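Student: First the structure, then my questions, so here it is.
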Amino acid sequence: MRGGLKSRSQTLSDLSAQASLDVLVIGAGATGVSTALLAAQSGCQVALLEARDFGSGTSSRSSKLLHGGVRYLAQGRIGLVRQALRERSHFVQWAPHLAQPLSFVLPATSVWERSLHRLGLGLYQGLAGSHSLGATSTVDADELQRRWPELKSNHWAGGVAYWDALFEDARMALWLASDAQAHGAHVLNHAQVTALHALGSGGFEVAWRDTLSGTTHGLRARCVINASGVWVDHVRQLRPPTQQASRVHRDTITPSQGIHLVLRWPQGVPEHRHALLWPHTADGRVLFFIPWLGHWLVGTTDTWVPEVSEEPRALAHEIEFLCQEASKVLQTPIDQSQVCSVWAGLRPLAVDPRRAQAGAGGRVSREHAVQVDPDGLINVLGGKWTTCRVMAQDALQVAQRVTGMRWQAPELIAHPDGGSASASPVSLTQPPGLHLYGPLQDQVRATQGADVDLGLGLSEAMVRHAVRHEQACTVQDVLARRHRMLFLDARLAQEVAPQVSEIMTQEGVSNPQLSAFLQTCQQYQV
């Protein structure tokens, strides 16, 4: 059983002793950690470098759903949906403490609409085949109201119930990174690649900087895979001007922003485990109401943005849009005073910007592409969490063709080593706690401060464990991703941050960057 990640100091030492690598993966989001894991399983010498933290970009800001994509089915993208549904079941079986089936209801305004929904969602289940998470069924108006008593009494014609999967994205990225390390990969966060130089004999000379200490390092790799999500084009520009690829490729990254509101479940209303999907928003996107870690997520918007940001901001009109749309469906209108936290995430859509139209991001597919620049740099574009393993496999198959390396062809395996042994995991609809650590719960429980609660299920022991075994180096690493307090209650995170900083200092972290985190907290508050 895995005990977590090595310390950064140990990883730095191991990486310095490595004369050359087969594969360097840049970016530790869903695609990057999956690529590093699959490459390590294939017998490659692998390093994974992340400029900030594991999953700190798009991959910790998802809608918390592992899904095939109901709206992609409506677009006729059958192959993408079938592939995603197969991959969805892999995560549920591999890490049941982090990915679980979730029941949805889809209301209908007429019998005709209900029949159409039943037909489409029946096909959705059928495409899953043996990977189905549950049966699709028609529910009458009484059953619909029982499952979602908060719905306005609009004389609904019942609805359709179906299944998808809920997950904890930030800890899933960490789980995959840990598995990659268990297979021999060098895994390091806060390690920013600063320069790439293609060698005439093949491969790359790579310069990178430890952003915490400021020290610079170098390495050689026969293959570099750029899995940096919305920062793909930025990484491409790290080569000398004479080596940068000309803009000959049709696909490039055009970021689209989506935000989510986090609400406390109303007092006096029984908590339930059903999610709601509402397909009739003003901009044509579906609206999700998702129970997650003791709170409710409402999302998502779709706004083209001109440039990427490490901390994208929720725009005022996006917040207002979600409140208005949610209030059309719920008995009690939502206002901004009820919002505990709001976050924005950037989708790395693989689309020609000349075809990108404002407000049209919801109609762009999440299919991915793998492109090779003339000097051999491999770039992974687009995609989503559910299909990250497929993206990794495609990237490594391209790497074999480009480099001529003859390692064992990577194959997607059903259950990577180190999966959770928990037979009856606590529901992800419940507040955060030790259950999110899966088979590592006893290790955390045995750590100093296990009985000291800092709020929202975060214990002093969890902070110490994050530093010792999860490469947490800043307060934000702990409160945004090792624990999700920033995403669940930004004001509480702001209050707790000084205590977390002090514990990290006791654990030997010289600069937990408390001031920077307190500023970030302001962006998550309405």
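Student: Can you give the charge dipole size of segment 188-244 about its Cα centre, rounded to the nearest 20 debye, using +1 on the beta carbon of Lys and Arg and -1 on the beta carbon of Asp and Glu?
Tutor: Here the size comes out at about 120 debye.
Student: Now for a different question. Projected onto the charge dipole of the chain (+1 at Lys/Arg Cβ, -1 at Asp/Glu Cβ, origin at the Cα centre), which of ALA497, MET405, VAL380 gives the Cα projection farthest towards the positive end?
Tutor: Toward the positive end, the furthest listed residue is MET405.
Student: With every protein chain left in place, what is the accessible area per residue of the chain in square angstrom, probe 1.4 Å?
Tutor: Using a 1.4 Å probe on heavy atoms only, each residue of the chain averages 38 Å².
Student: Using a/c under 1.5 as the rounded threshold, could you call segment 87-246 rounded, prolate or oblate? The axes a ≥ b ≥ c are square roots of the C-alpha gyration tensor eigenvalues, and prolate needs a/b larger than b/c, oblate otherwise.
Tutor: Judged from the Cα gyration tensor, segment 87-246 comes out prolate (a/c at least 1.5, a/b above b/c).
Student: Which whole-Hz ³J(HN,Hα) couplings does segment 32-47 yield from phi under the Karplus relation 6.51 cos²θ - 1.76 cosθ + 1.60, θ = phi - 60°, glycine and proline marked x?
Tutor: x, 5, 5, 5, 4, 5, 5, 5, 5, 5, 7, x, 7, 7, 10, 10
Student: Ignoring ligands and nucleic acids, what accessible area does GLU307 show with a 1.4 Å probe (Å², nearest 10)?
Tutor: Answer for GLU307: close to 140 Å² accessible.
Student: Under 5 Å between amide H atoms, partner at least 5 residues away or on a different chain: which partners does VAL187 have, H built in plane at 1.01 Å?
Tutor: The list, which skips near neighbours in sequence, is LEU48.
Student: I would also like to ask the following. For VAL370, VAL193, write out the residues from largest to smallest accessible area, computed with a 1.4 angstrom probe and no ligands counted.
Tutor: Ranking VAL370, VAL193 by accessible area, largest first, yields VAL370, VAL193.
Student: I've got another one for you. Which order do the peptides 53-65, 209-221, 253-265 take when ranked by the mean count of other beta-carbon atoms within 10 Å per residue, highest first?
Tutor: Averaged packing, sorted descending, gives the order 53-65, 253-265, 209-221.
Student: Can you give me the % of accessible surface on the chain that is carbon or sulfur? Probe 1.4 Å, all protein chains present, nothing else counted.
Tutor: 50
Student: Then there is this: Tell me, how many Å apart are the Cα centres for segment 425-455 and for segment 76-114?
Tutor: Segment 425-455 and segment 76-114 have Cα centres spaced 28 Å from each other.
Student: Name the residues whose placed amide hydrogens come within less than 5 Å of the amide hydrogen of ALA165, ignoring near sequence neighbours (fewer than 5 apart) on the same chain.
Tutor: LEU66, LEU102
Student: Taking the dipole about the Cα centre of segment 10-108, with the C-beta of Lys and Arg at +1 and of Asp and Glu at -1, give me whichever of PRO96, SER42, ALA84 is farthest to the positive side.
Tutor: Sorting the options by dipole projection puts first ALA84.
Student: Helix 78-94 sits at what angle to the longest principal axis of the chain, using alpha carbons and giving 0 to 90 degrees rounded to 10?
Tutor: 80
Student: With axes computed from alpha carbons, what is the tilt in degrees of helix 460-469 against the longest principal axis of the chain, rounded to the nearest 10 within 0 to 90?
Tutor: 40
Student: So, one more: Out of [x] 81, 56, 44; [y] 70, 53, 43; [z] 63, 55, 45, which label holds the value of Cα extents along the principal axes in Å that was computed here?
Tutor: [y]
Student: Continuing with the same structure: Is there a quick way to get the dipole size of segment 17-146? I mean about its Cα centre, with the Cβ of Lys and Arg at +1 and of Asp and Glu at -1; what is the value in debye to the nearest 20?
Tutor: Charge dipole of segment 17-146: 220 debye, to the nearest 20.
Student: Please report the relative contact order for the chain, taking Cα pairs under 8 Å with a sequence separation of at least 6, and give it as a percent rounded to a whole number.
Tutor: After rounding, I find 19 percent.
Student: Kindly write out, for segment 378-392 in residue order, the coupling ³J(HN,Hα) from the Karplus curve 6.51 cos²θ - 1.76 cosθ + 1.60 (θ = phi - 60°), rounded to whole Hz, with x marking Gly and Pro.
Tutor: Residue by residue, segment 378-392 yields 9, 10, 9, 10, x, x, 7, 4, 4, 10, 5, 5, 5, 4, 5 Hz.
Student: What is the dipole size for segment 432-497, taken about its Cα centre, with +1 at each Lys and Arg Cβ and -1 at each Asp and Glu Cβ, in debye to the nearest 20?
Tutor: The dipole magnitude comes to about 180 debye.
Student: Explain nothing, just compute: Karplus ³J(HN,Hα) = 6.51 cos²θ - 1.76 cosθ + 1.60, θ = phi - 60°, for every residue of segment 452-459 in order, whole Hz, x for Gly and Pro.
Tutor: 9, 8, 9, x, 6, x, 8, 9
Student: Rank VAL25, VAL70, GLN523 by how far each Cα sits towards the positive end of the charge dipole of the chain (+1 on Lys, Arg Cβ; -1 on Asp, Glu Cβ) and give me just the farthest.
Tutor: In the chain, that residue is VAL70.
Student: At a probe radius of 1.4 Å, what is the per-residue accessible area of LYS328, in Å² to the nearest 10?
Tutor: Near enough 110 Å² of accessible area.
The values are calculated or read from the model by the stated rules, or taken from the named source; none is laboratory data. Computed from a predicted structure; not experimentally measured. Backbone-built Cβ (ideal geometry, glycine too); neighbour counts: all protein chains shown. Please note that ligands, DNA and RNA were not included when accessible areas were found on the heavy atoms of the full protein model with its side chains. Shrake-Rupley method; radii C 1.70, N 1.55, O 1.52, S 1.80 Å.
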